[in-house]
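The structure appears below as C-alpha cells.
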Amino acid sequence: MSPLDPLRLKTKHLMELLEHTPEEDVYDEWLLKIQNLLNEREAFIAAHSNLLAGANQAIIQELVADSQKIDLKLSSETAKLGVQINQLRQTKTSRKSYIDPYEEVEGSFSPYFDSRQ
C-alpha cells in the first residue's frame, strides 16, 4: 500500500463524480461534494508534499494525467454554467422590458410640455 493511496482514491472519486452531471434538484449538493473533494486533495498535497517528492514517478504521472482530466471536466462544467447564467440574464432583461417597456423613458417626453403643472 502506497502512502499516496488516499490521494489516488480521492482523485478517482472526483473523476467518477464528474462523469455524470446530475439533475437540477441535486446539482448544488453535487457541486458541494466536488468542492469538498478538491479541498481535501489540496490539503493532502500540502500536508504530504514530502511524500510526493519521493514517490514513484509512474504514480506521479498518473496523478498529473488524472488532474488534467479533472481540470478539463471542470472547465467544461464552468462553461455550461456561464451559458446558463447568460440565458437567465437575457430572460430577466426581456421579461423586465416586457412588463414595463416605458420604464427608461422620461416622464416629460411630450413636445407640448406644459410648464404650469
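The values are calculated or read from the model by the stated rules, or taken from the named source; none is laboratory data. On a predicted model such as this, the values are computed, not experimentally measured, just so you know. Reconstructed Cβ throughout: ideal geometry from the backbone, glycine too, with neighbour counts over all protein chains shown. Ligands, DNA and RNA are stripped out before the accessible areas are found, and what is left, the full protein with its side chains, is counted by its heavy atoms. Shrake-Rupley method; radii C 1.70, N 1.55, O 1.52, S 1.80 Å.
Report the full-extension gain for the segment residue 2 to residue 45: residue separation times 0.36 nm, less the Cα-Cα distance, to one decimal in nm. Walk me through the intermediate numbers first.
Details: separation 43, 0.36 × 43 = 15.48 nm, distance 1.44 nm.
Length difference between fully extended and current span is 14.0 nm.
For a Förster distance of 41 Å, can you work out the FRET efficiency between the beta-carbons of residue 89 and residue 55, rounded to the nearest 0.05?
Working: r = 46 Å, r/R0 = 1.12.
Between residue 89 and residue 55 the formula returns 0.35.
What list of ³J(HN,Hα) values in whole Hz, one per residue of region 58-68 in order, does the Karplus curve 6.51 cos²θ - 1.76 cosθ + 1.60 (θ = phi - 60°) give from phi, with Gly and Pro shown as x?
Taking θ as phi minus 60°, the curve returns 5, 5, 4, 5, 5, 5, 5, 5, 5, 5, 5 Hz for region 58-68.
If I stretch the segment between residue 66 and residue 15 completely, what's the gain in nm (0.36 nm per residue apart, minus their alpha carbon distance), one decimal? Write down the numbers at each step before the final one.
Details: separation 51, 0.36 × 51 = 18.36 nm, distance 0.78 nm.
Computed gain between residue 66 and residue 15 is 17.6 nm.
³J(HN,Hα) across region 30-43 via Karplus (A = 6.51, B = -1.76, C = 1.60, θ = phi - 60°), whole Hz, x for Gly/Pro?
4, 5, 5, 4, 5, 4, 5, 5, 4, 5, 5, 4, 5, 5
Round to the nearest 10 and report in Å² the accessible area of residue 20, as given by a 1.4 Å probe over the protein chains' heavy atoms.
140 Å²
Tell me which lysines have Cα within less than 29 Å of residue 92's Cα, excluding those fewer than 8 residues away on the same chain?
Of all the lysines, those that pass the test against residue 92 - Cα under 29 Å, at least 8 places apart if same chain - are 73, 80.
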